[in-house]
Structures are given as structure tokens and as C-alpha cells.
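Q: Before I ask anything, here is the structure I am working with.
The values are calculated or read from the model by the stated rules, or taken from the named source; none is laboratory data. This one's a predicted model, so the numbers in the text were calculated from it and none came from an experiment. Neighbour counts run over all protein chains shown; Cβ positions are idealised from the backbone, glycine included.
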Amino acid sequence: PGYLDRLLQQKRLADLKSVQQLYIEAQGTQMKLTNPEEQLDELRRFQRWELLRIGVCDFFGLFDLRRVTVQLSLLADALTRSCLSHAYAESGISPQGFCVIAMGKLGGEELNYSSDIDLLFLAESSSSVHWRIGQRLIKALTGASAAGFMYRVDMRLRPWGTAGELVSSVDSHLGYLAQHARLWEKQSMLKARVIAGDLALGNSFLKRAAPLLFQAPGDQVRESVRLMKKKIEDGLKQKGRLWGEVKLGEGSIRDVEFVVQYLQLVHGGEQPAVRTFNTLDALVRLADMGFLHADEYRLLSDGYVFLRSVEHALQLMHNKQVHELPRDEAELGYLARRLDFPASAQFLTHYQRHREAVRAVYNRYLGERDKVREQERSNEQPVLTRHLARLKGDYSAAFSEPDIERHAMLAQQITESKPAIVEAVPEGDQTRVTVVGYDYLGELSLIAGLLLVYGFDIVEGQVFTYAPAAKTRSSPSKRAAPRPAWARQAFRRPITRVSDSAVGNGGEDHRQKIVDVFRVRPQHGEAPADCWERYTADLLALL
């Protein structure tokens, strides 16, 4: 009840807080207290309030996924700093020469509501004094009272795991990375981030460690990452949990992370720009550097955001670490509504599409090579054939074979949450704009009208619509005449939204789609660099 007034202050509620602000607020809760246990209880209450604040902002759409995970991570950073200050004050030991490095989700600023926090402790030199500090810090973070507890702490990523020293010296840790660390341990270091203690010491260590992470040949890295994922999935299979496991299963969050980390390990030595601890940031960098195709970037980033949103919703439902979709229909329906789906069936269709799309990209990079080639051969032609079979006009004569293959691929990627995809390719003083999407009444008017709003003249255009599924031919052998020239084109399509029942039992999407390609020219000088990103967002908002 005491939190209600604070929750009603929406403007302040949705403020994004820095780690320094969170640390100052956390320290401020215990200023007048002298009893160490009472001080820790105040930190636990502060954490509980902040989790409530972040959860409410998440629930009401005031924070998107990225803001939620960053705020949860910065909260953990701040509380770790506060608990370390508490450990220093209690022991009377100087804070110099000791630092805390976050790994895993906390290191990547990707923390969940109910995540463990993976930590490493480093010291300038080995000392029993630093060991005592580490023990006190763990006790403060994990200790429970009537006010609750802050975090479960996992220290297994230190050198030699649970058999290793709790606090490593910088030199001994670097020696371990150079001589003994397995590839998966180097992979885990990609997310390392200094969060507390002697920050200069920690950042110096990470700078010296970086060259040691990128020395293995690409094939060796690939096999190591692939086998690690296979081992995880074999364990899930034995428990009957492979499907519906959003964190670790096939087409899961871990698929996205492992593709990213594989590419970082392979290319990070020569291209330092791809080194970053955050998954979404890494996807952007890998795409910018050309190590991921634009379509792969879109599929992985969209899939990651969706799956992390599902994971968050599950943990808010159960207030504990949960990564598996509910088996109970009532719980599944609640989860679907929490994620803005009308019912569980629509949610499961959406989940399955993301799962399959993520897994397809994963297999491209990390699947067993013989199986991947066989799958590509079996999948590629039917997709193209189905695409052509639905187009009655002189479509194949209007476009090159690569263009048609590209359209077919884009048509496979549209979903209920992203019912259209826009691609813009500069061609001299003009731009070729391709729009592939579901076919809605009045859609062509929106597409063309928005082009005008954004200051473009349409030089020419070609617009095609899928034939109804019931009339689909097995091959596009006979085609009708093309639509009238653009200048005489009426801005309307007599098509209405088709329900989810248009998705066939085999997963094939029978809904009608459009392939519209325009050549446009800006009316006044050069178009802004972000205009097509904004155009796409506006079009999706209107559909």
C-alpha cells in the first residue's frame, strides 16, 4: 500500500535511471542506520520497490524490452556496489585493488526479473584479505531475511570453476585464459563487464584479455559452439522439454546468442568493432560489417525481442526462473493475453514462426553441414514455386530471378506483428522501393500516399497480388496480363484481412500477399538517411 502514491506518479515512474543515480538512492536508504543487518534490509526493500517500478513500466508499455533489461541490470550493478561498500565498511578494508566483473545476462545488460547474477572477482594480487571481501559480498547479496533477498550469485565462471580460487589475481587469470581456458570459457568472456570496485583495474584486465579470446580457427570455434548447444538440447530432449523452452530449446534465445557469439569469436580478432557485450547491439554491428545478411539480422533481432518478452512475461507470472511455456491451457491463455494476443492459438502460431525463423538462421551458421545442405535443397524450391504459383500476372517477366527469389524470401518473413516489409535500394538519383506484405483493403493507397507525404514522386510502379489460395495452381505456367500502367492505376485492392485460419496444417501461409515495387525520386534534394526506417514504422502503424 505504501507504494501506491509513488506508482501513481507516472512521469517520474518511467524515468530511466543511471547506475550512479540508483547507487545514490540505494545508499540514501540506509544513511541513518548503523546496524549492518538493518542496512541490508533497506537495500532489499529498495530492490523490491525498483523491481515493482520496472515491472509496472513494462506491463503498461512505458518501457520496451531494451529499457527493461538495462534498468534491471543497472539496478543489480548499483546493489552490487552498495553491498561491496557495505563489505568494505564492515571489514575496514581498503577498496583499492579489488573489482567485480559481471558475466552472462548481467554482463550483457540483459538481466531478467528472476535471473541469477554471474560474477567474477579479481584482485591486483592474491590475498586472503580480498577473499574475505568476496565472501562478505556474496553473503550480502544472497542473504535472506523477512525483507527477502537480493540475488542468487553464481561464481562458476571463474578459472577452474568451483575448484578454483574465489578471487583470482589479474596475472593468474590472464595466464589461465592463455594456457588452460576452453573455447566455451572464452565465449563466456564476450559478455564480461566491470560493475563494481576498482573499475580501472577491471577495465585494464579486460583490455589485456581481449586478444586471447580470438585466436582459435573458425572451424574449431564453430564446432565448439555447435557441440555445446547440442549438449544442452540433448539434455532437454531427455526431459521432454525441447519444444516450448524459450531460453535453451531449438529456435530459442540461446540460438540467437550462440550465432552472435560464434561470429564475434571468428571475426572479433580482425574487426574489434563487433566486440560488444550486448546481444542486440552485436546483431547491429555484425549486420553493419556484413557478417550477417539484412534478413538474418531482422529475423534474429525480432525473434530475440519476442522470445525475451515471453521469458519476462513468464517470470512475472510465476515470480521465479521459468523458461518453458505453460502446459495448462488457462495459464497459456493468460500468457497470450499478457503479450497482447487474443487467445493462445494466435500466440502459439506467432511463437512457432519466430522459433522456426531463428532456427533456420542458426542452422545456416551452426547446424550440421550435411543436414543444412539437404534442408536448403528441400526447402528452397517449394517456397519459390508456391510464391510464383500465387501470382497470376506477368510477374516473372517483370523481375529478374534474384529479385523473385528475394520477394519469395520476404513473403515468408511477414507476420501478424510485422504485416509488411519495406526495402529501399538507391539507384542513381532514384530509389527502388519494394513492399512485400499481407494484402489489406486500401493498402495501396496507404503505400503510395505515404511516399507522397515523405516527399517522393513515383516515377513508375509494378504492383502484384497473390491469387486466392483455393485457385492456386501447382505451377505458374499460364499468366494473365499485367495490371494497367501506374499512371492509370486505381489506388485500391478489393481484398480484406484474412483470418489466422488461412494458415495451413503444414504451416504454409495461405493468406493473400502483395509484391509492390516502385521507382521513386525525392521532390527536394536528397532524402534523410533514416527516412525509410520512419516510412516503414508509419506504414506498419497504419496497417
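Q: Report yes if Arg182 is assigned by the TED database to the domain that holds Tyr88, farther than 24 Å from Thr80 by Cα and either among the small types (Gly, Ala, Ser) or under 29 Å from the mean Cα position of the chain (by Cα) (or both), otherwise no.
A: Yes; evaluated as a whole, the condition is true for this residue.
Q: Counting just the residues of the range 1-58 that are among the aromatic types (Phe, Trp, Tyr), closer than 27 Å to Ser309 by Cβ and surrounded by 13 or more Cβ atoms within 10 Å (Cβ to Cβ), which one comes out farthest from the chain's Cα centre (by Cα)?
A: Phe46
Q: Take the conditions under 27 Å from the mean Cα position of the chain (by Cα) and part of a helix (DSSP H, G or I) and apply them to Ala209. Does it pass?
A: Considered against the rule, which asks whether it is under 27 Å from the mean Cα position of the chain (by Cα) and part of a helix (DSSP H, G or I), Ala209 comes out as yes.
Q: Would you say Ala408 is under 30 Å from Phe341 (Cα atoms), at pLDDT 85 or above and small (Gly, Ala, Ser)?
A: Yes: the conditions hold for Ala408.
Q: Any residue in the range 62-74 that is in contact (Cβ under 8 Å) with a residue 24 or more places away in the chain sitting within a Cβ distance under 6 Å of a residue that is acidic (Asp, Glu)? List the pairs, counting only those 6 or more apart or interchain.
A: Final answer for the pair search is Val68/Asp58; Thr69/Glu110; Val70/Glu109; Ser73/Glu109.
Q: Could I ask something else about it? Of everything in the range 289-306, what is part of a helix (DSSP H, G or I) and over 22 Å from His407 (Cα atoms)? Give them in sequence order.
A: Within the range 289-306, Tyr304, Val305, Phe306 meet the criteria.
Q: Follow-up question, since we're still on this one. Out of the helices (runs of 4 or more DSSP H) lying entirely within the range 23-114, which hold 3 or more residues that are among the hydrophobic types (A, V, I, L, M, F, W, C) and assigned by the TED database to the domain that holds His130?
A: So the answer is 36-59, 65-91.
Q: Might you let me know whether the range 366-383 holds any residue that is modelled with pLDDT of 80 or more, in the same structural domain as Val259 (by the TED database) and in a helix (DSSP H, G or I)?
A: yes
Q: Would you confirm whether or not the range 254-265 contains a residue that is in contact (Cβ under 8 Å) with a residue 40 or more places away in the chain, surrounded by fewer than 21 Cβ atoms within 10 Å (Cβ to Cβ) and part of a helix (DSSP H, G or I)?
A: yes
Q: Taking the range 198-213 only, how many residues are under 17 Å from His180 (Cβ atoms) and surrounded by 17 or more Cβ atoms within 10 Å (Cβ to Cβ)?
A: Matching residues across the range 198-213 total 3.
Q: Anything in the range 390-413 that is under 29 Å from the mean Cα position of the chain (by Cα) and either polar (S, T, N, Q) or under 17 Å from Ala467 (Cα atoms) (or both)? List them, or say none.
A: Across the range 390-413, the qualifying residues are His407, Ala408, Ala411, Gln412, Gln413.
Q: Identify, please: which residue in the range 9-50 is out of contact with any Leu (no Cβ under 8 Å at 6 or more places or on another chain) and of a type in the set (Lys, Arg) and is, among those, farthest from Ala78 (Cα to Cα)?
A: Top of the filtered list is Lys11.
Q: Considering only the range 197-228, how many residues are more than 18 Å from Val259 (Cα to Cα), of a type in the set (A, V, I, L, M, F, W, C) and out of contact with any Phe, Trp or Tyr (no Cβ under 9 Å at 6 or more places or on another chain)?
A: Residues flagged as more than 18 Å from Val259 (Cα to Cα), of a type in the set (A, V, I, L, M, F, W, C) and out of contact with any Phe, Trp or Tyr (no Cβ under 9 Å at 6 or more places or on another chain) within the range 197-228 amount to 7.
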